[in-house]
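Shown next, in structure tokens, is the structure this report addresses.
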Amino acid sequence: MLQITDTLSLPLEQISLSATRSQGAGGQHVNKTSSAIHLRFDIQASSLPEELKQRLLKIADQRTTVDGVVVIKAQQHRSQEQNREAALERLRLLIAKAAHVPRTRRATKPSRGAKAKRVDSKTQRGRVKTLRRSVDD
């Protein structure tokens, strides 16, 4: 199970992991080992709650395809196991980001005291500027 939040978890059977060869410079061993991990996660076919699926699809992320499949390639580590953990962590962070529902903002008005304080500070500032002017003879 991939633990997303305290109350939300995802079965690993819904995540497809495959090993591929890493890109970039390596050495003698690089062409023989498959240390990069290619993670695929189908949002629609998952057991996530429906509203979470919709928020996950709405996130404008280049890792999500038009079909609603999250594709993550992890290749920053030399070992396949570390890349696997990194890919799962990136998926967990993406789903956790979609799981967070921001509080709705309620429009408020400044109190009468706050308005008066603002006007008083403006008049005080105006007095200071007036005192800076040169005195006419």
> Of all the residues that make up segment 1-21, how many are open to solvent by 50 Å² or more (accessible area, probe 1.4 Å), touching a strand residue (DSSP E or B) at 6+ places or on another chain (Cβ under 9 Å) and not in a strand (DSSP E or B)?
Replying inline: 4
> Taking G68, is it on the phi > 0 side of the Ramachandran plot, touching a helix residue (DSSP H, G or I) at 6+ places or on another chain (Cβ under 7 Å) and modelled with pLDDT under 90?
Replying inline: yes
> Considering segment 45-75 alone, what residues qualify as being assigned to a loop (DSSP other than H, G, I, E, B), of a type outside the set (V, I, T) and surrounded by 12 or more Cβ atoms within 10 Å (Cβ to Cβ)?
Replying inline: S46, L48, D61, R63, G68, Q75
> Taking segment 95-112 only, how many residues are part of a loop (DSSP other than H, G, I, E, B) and open to solvent by 100 Å² or more (accessible area, probe 1.4 Å)?
Replying inline: 7
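The values are calculated or read from the model by the stated rules, or taken from the named source; none is laboratory data. Because the structure is predicted, anything quoted here is derived from the model rather than measured. In this analysis, Cβ positions are derived from the backbone assuming ideal geometry, glycine residues included, and neighbour counts consider all displayed protein chains. Only protein heavy atoms, including side chains, enter the accessible area calculation; ligands, DNA and RNA are left aside. Shrake-Rupley method; radii C 1.70, N 1.55, O 1.52, S 1.80 Å.
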